[in-house]
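The values are calculated or read from the model by the stated rules, or taken from the named source; none is laboratory data. All figures in this text were calculated on a predicted structure; none of them were measured in a lab. Virtual Cβ from ideal backbone geometry, glycine too; neighbours counted across all protein chains shown. Side chains included, ligands, DNA and RNA excluded: accessible areas come from the protein's heavy atoms. Shrake-Rupley method; radii C 1.70, N 1.55, O 1.52, S 1.80 Å.
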Amino acid sequence: MALSSRALSRLAGPAGRLSVHANAPAVKFTTTSCPSAIVARSRIRATTLPRQFTRSYADAPPTKKPRRIRNTIKWTWRFTYLSLLAGVGYVIYDGYQDRHPEEQFVPDPEKKTLVILGTGWGSVALLKKLDTANYNVIVISPRNYFLFTPLLPSCTTGNIEHRSIMEPVRQILRHKKAAVKFYEAEATHIDVEKKVVKITDNSDIKGKVHETEVPYDMLVIGVGAENATFGIPGVREHSCFLKEIRDAQAIRTKIMDCVETAAFKDQAPEEVDRLLHMVVVGGGPTGVEFAGELRDFFDEDIQKLIPDIAPRFKVTLIEALPNVLPMFSKQLIEYTESTFKEEHINIMTKTMVKKVTDKTVEAEVTGPDGKKSTVTIPYGLLVWATGNTIRPLVKDLMAQIPAQKDSRRGLAVNEYLVVQGARDIWAVGDCAVAGYAPTAQVASQEGAFLARLFNNMAKTEALEQRIRELSSTLNLQPGDTAAKTQEIEDLEKQLRRIKDVKPFHYSHQGSLAYIGSEKAVADVAWLNGNVASGGKLTYLFWRSAYLSMCFSTRNRVLVALDWVKAKVYGRDVSRE
């Protein structure tokens, strides 16, 4: 406006000078000496200049702060608490379903009796998918629970409570449509000719009847295997096994015994070194995972509570083969060995245990040059985590079947898991020789296969019975021939589809192992090949995989809570 005023004042001349006041009314300018074009041009400039200022502000509005991060946090928070609410709701609903199962019906006593021996991976997988309405099912086992064995090494150090990986068998059977009988007993003899199983009650409390016989029409043997000592003197007397819950409890007690004894007043240094030397025999997943869990236990808990003796703690892993984890790829084996070296876990490969005493292990070591030497290893705890052998029940059954005389590792079965040389007897799991490694993954797939096979067999028998009934009354009554003929054709089509049962084929999903320091290795099948990985992220995958493999939601919740509890408060170092 100042520029416009000066321009007009120059045009008006001395006679037309203006004096502008703030409150003065608008003044109408008239000039006689200035051309009209110049005045018009000045007016246009005076009116357009404020527009330019306004346009400049409109073209560059004040920038607003981005809200993308704020919205992301908001929606992430909403998704998180909604997921938590949904998870809690599902857990509550699942618990209600467990506590309030549907009513069961008693199956027809005229149907065949199916007896299942054992409550391991194979037997439970069979029970999980079997339609119990088709048979009179009887389960016999000396333990009334299913044990999730992959997490058993974690129980030895208190990282997981043992009841978190146990699922009561009666809880499993209660959720079947038809009632299933369960006897907590040990099968001691199978009479193939009479088709009966002799069972014995081995519990501490016995009734007047503690031995009896159970007849069967169909028999599934899933009793597993025992720990193999290979005839080495002193192994069974002085070492701890890692196969059952009582084994994990015994190891846990002995670990704390060694620690407290080593911390005893005036204990000799060499005795402290012996007591705190933990020896693990077996370089498979069980031995490797136990060694890793043991090292974590001392580094994360014992060292903080008893720092005086913590530096003397030592773990040694003995393996007869050239390397540990032979079922994994070479790069994962090397990664495991390097990780153990960082964790100060000593690996002794090509080492054969020859004798075990109450305080030492005598072993034969093969050096790089092929020369053999004998070493004596003092120990406080010895855990034997290698080898399986057949149980007395299986050995007795094999003696009754001539076709099994050349079998050494268990009951040889055909492609449908039928025991060779026997009729109406199947075998699954570690007690069966099907051409695959004796692992939980194999046993689980074998049990699921038998469930499909038995369900198809029941459907087949029902359809064949119906076809026989229709055929026996065909053309006896006028007017129903066409309908019966059509029904027979439909039933025969269903029968042809059901009878197409392919032989058992194992599908390897991969191998996992925890190696300590929150690291794991995984060799997982992917498409037409394998994916090998190791490290911290693999450890999270290991945990999520094992958590999803737990039998029930109850097990998953308890295991997850145990992990959180151990992370927040540490492992319990109580002796009992």
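Taking the conditions exactly as written (open to solvent by 50 Å² or more (accessible area, probe 1.4 Å), touching a residue at least 40 places away in the same chain (Cβ under 8 Å), farther than 28 Å from ARG408 by Cα and outside any strand (DSSP E or B)), does ASP358 satisfy them or not? Even if it seems obvious, please write down each step before you answer.
Working: open to solvent by 50 Å² or more (accessible area, probe 1.4 Å): yes; touching a residue at least 40 places away in the same chain (Cβ under 8 Å): yes; farther than 28 Å from ARG408 by Cα: yes; outside any strand (DSSP E or B): yes.
Yes: the conditions hold for ASP358.
One line per residue, one yes/no per condition, for (1) at pLDDT below 95; (2) in a helix (DSSP H, G or I):
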{"residue": "ASP369", "(1), (2)": "yes, no"}
{"residue": "THR376", "(1), (2)": "no, no"}
{"residue": "LEU393", "(1), (2)": "no, yes"}
{"residue": "LEU397", "(1), (2)": "no, yes"}
{"residue": "ASP406", "(1), (2)": "yes, no"}
{"residue": "ARG409", "(1), (2)": "yes, no"}
{"residue": "ALA412", "(1), (2)": "no, no"}
{"residue": "TRP426", "(1), (2)": "no, no"}
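Sort through GLU469, GLU446 and tell me the only one that's of a type in the set (Asp, Glu) and open to solvent by less than 20 Å² (accessible area, probe 1.4 Å). Don't jump to the end; show me each part of the working.
Numbers: GLU469 fails: open to solvent by less than 20 Å² (accessible area, probe 1.4 Å).
Going through GLU469, GLU446 in turn, just one is of a type in the set (Asp, Glu) and open to solvent by less than 20 Å² (accessible area, probe 1.4 Å): GLU446.
Tell me the residue from VAL124, VAL214, VAL196 that is closer than 20 Å to ALA443 by Cβ, open to solvent by less than 40 Å² (accessible area, probe 1.4 Å) and of a type in the set (Val, Ile, Thr), please.
VAL124 is the lone residue from the list that is closer than 20 Å to ALA443 by Cβ, open to solvent by less than 40 Å² (accessible area, probe 1.4 Å) and of a type in the set (Val, Ile, Thr).
Within region 314-337, work out how many residues are over 17 Å from GLU289 (Cβ atoms) and either outside any loop (DSSP other than H, G, I, E, B) or open to solvent by less than 10 Å² (accessible area, probe 1.4 Å) (or both).
4
Within region 244-261, which residues are buried (at least 22 other Cβ atoms within 10 Å of the Cβ) and either over 18 Å from ILE165 (Cβ atoms) or among the polar types (S, T, N, Q) (or both)?
ILE255, VAL259 - these are the residues of region 244-261 that are buried (at least 22 other Cβ atoms within 10 Å of the Cβ) and either over 18 Å from ILE165 (Cβ atoms) or among the polar types (S, T, N, Q) (or both).
If you check TRP542 against the conditions, is it touching a residue at least 24 places away in the same chain (Cβ under 8 Å), within 19 Å of VAL88 (Cβ to Cβ), part of a helix (DSSP H, G or I) and not β-branched (Val, Ile, Thr)?
no
Considering only residues of region 51-88 that are at pLDDT 85 or above and of a type in the set (Ser, Thr, Tyr), which is farthest from the chain's Cα centre (by Cα)?
THR72
Is there a residue in region 281-300 that is of a type in the set (Gly, Ala, Ser), over 24 Å from SER338 (Cβ atoms), open to solvent by 10 Å² or more (accessible area, probe 1.4 Å) and out of contact with any helix residue (DSSP H, G or I) (no Cβ under 8 Å at 6 or more places or on another chain)?
The answer is no; no qualifying residue exists.
Looking at region 111-128 only, could you name the residues that are assigned to a helix (DSSP H, G or I) and either touching a helix residue (DSSP H, G or I) at 6+ places or on another chain (Cβ under 6 Å) or not hydroxyl-bearing (Ser, Thr, Tyr) (or both)?
If the condition is that a residue be assigned to a helix (DSSP H, G or I) and either touching a helix residue (DSSP H, G or I) at 6+ places or on another chain (Cβ under 6 Å) or not hydroxyl-bearing (Ser, Thr, Tyr) (or both), then TRP121, GLY122, VAL124, ALA125, LEU126, LEU127, LYS128 are the ones that fit.
Can you say whether ILE140 is touching an Asp or Glu at 6+ places or on another chain (Cβ under 7 Å) and in contact (Cβ under 8 Å) with a residue 24 or more places away in the chain, as far as the supplied structure shows?
No.
Any residue at all in region 381-389 that is under 17 Å from LEU219 (Cβ atoms) and surrounded by fewer than 19 Cβ atoms within 10 Å (Cβ to Cβ)?
Looking for residues that are under 17 Å from LEU219 (Cβ atoms) and surrounded by fewer than 19 Cβ atoms within 10 Å (Cβ to Cβ), one finds none in region 381-389, hence no.
Output the residues belonging to region 481-526 that are assigned to a loop (DSSP other than H, G, I, E, B), among the acidic types (Asp, Glu) and either under 17 Å from LEU151 (Cβ atoms) or open to solvent by less than 30 Å² (accessible area, probe 1.4 Å) (or both).
If the condition is that a residue be assigned to a loop (DSSP other than H, G, I, E, B), among the acidic types (Asp, Glu) and either under 17 Å from LEU151 (Cβ atoms) or open to solvent by less than 30 Å² (accessible area, probe 1.4 Å) (or both), then GLU518 is the only one that fits.
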